[in-house]
Amino acid sequence: MKKVVVLIMISLFFGCNKKSEVINRNGVVQKPYIISAENIKIQKYSDSLKNSGSKIKILPLKGFYGECNLIIDRNGDVLYFQNKKVGRICGTEMENNSLPRFINLQPKDLIKIPKDCIEKFIDENVMTKEKRRQILVVASQTDTINDQKILSFFYNLKVPRYVIRRTTQEEDTVLSYKKKNAFYYSDSIKWDKSIIKLPENIEFSKRPSKN
């Protein structure tokens, strides 16, 4: 029987980097993390395995949201939200869609985390879960991440399975309303259906009707 090793594509980002390429002599992370560049590296690695006839197969991860999610905004602020409505892929708790589906995220769901406390927060909220649920999704509003504290967190990440990607339209929209401290009603947003999947029986948060 042919032995096939299935790996989550994006979770290999840091496994391919040497310590000397990431930190300086003082243990400070100094190399920016560029999401698009890492995607290209993984794709090239996947192609090379395929062309060499290797038994190792890397399957691209098509899901977007996990149960535990971090958002890094343009200012380097870090926010956390938990998503209970997730499907499964490879035994994890992530959905398998080509487009991010609407999850009815609300501004109140986003919890700001001090950067000095990210590791402790993840230890207490992700690493305490059963093994198959120890998964973290990190979404960034910028393609390049160069905040030293966040990079240090990445480098010392203990979560066995993780994804680093760009933010979705819904995350960007909800985050904007939270920062403005404005009332948010998802039914009033002009969602771009080319980049978000709206379920047929969608449950929008609606503006109260006038009597």
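The values are calculated or read from the model by the stated rules, or taken from the named source; none is laboratory data. The structure displayed is predicted, hence computed values, not measured ones. Note: ideal-geometry Cβ built from the backbone for every residue, glycine included; neighbour counts use all protein chains shown. Surface areas here come from the heavy atoms of the whole protein model, side chains and all, with no ligands, DNA or RNA. Shrake-Rupley method; radii C 1.70, N 1.55, O 1.52, S 1.80 Å.
Could you state the accessible area per residue of the stretch 124-180 in Å², with a 1.4 Å probe and every protein chain left in place?
Details: 2510 Å² over 57 residues.
With all protein chains present, the stretch 124-180 gives 44 Å² per residue.
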Run the numbers for S48 and Y185: contour at 0.36 nm per residue of separation, minus the present Cα-Cα distance, in nm.
44.7 nm
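At most 16 other Cβ atoms within 10 Å and a DSSP loop assignment: could you name the GluC sites (Glu not before Pro) in the stretch 143-211 that fit?
E200, E203
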If you take every residue apart from T144 with its C-beta less than 14 Å away from the C-beta of T144, what net charge results, scoring Lys and Arg +1 and Asp and Glu -1?
0
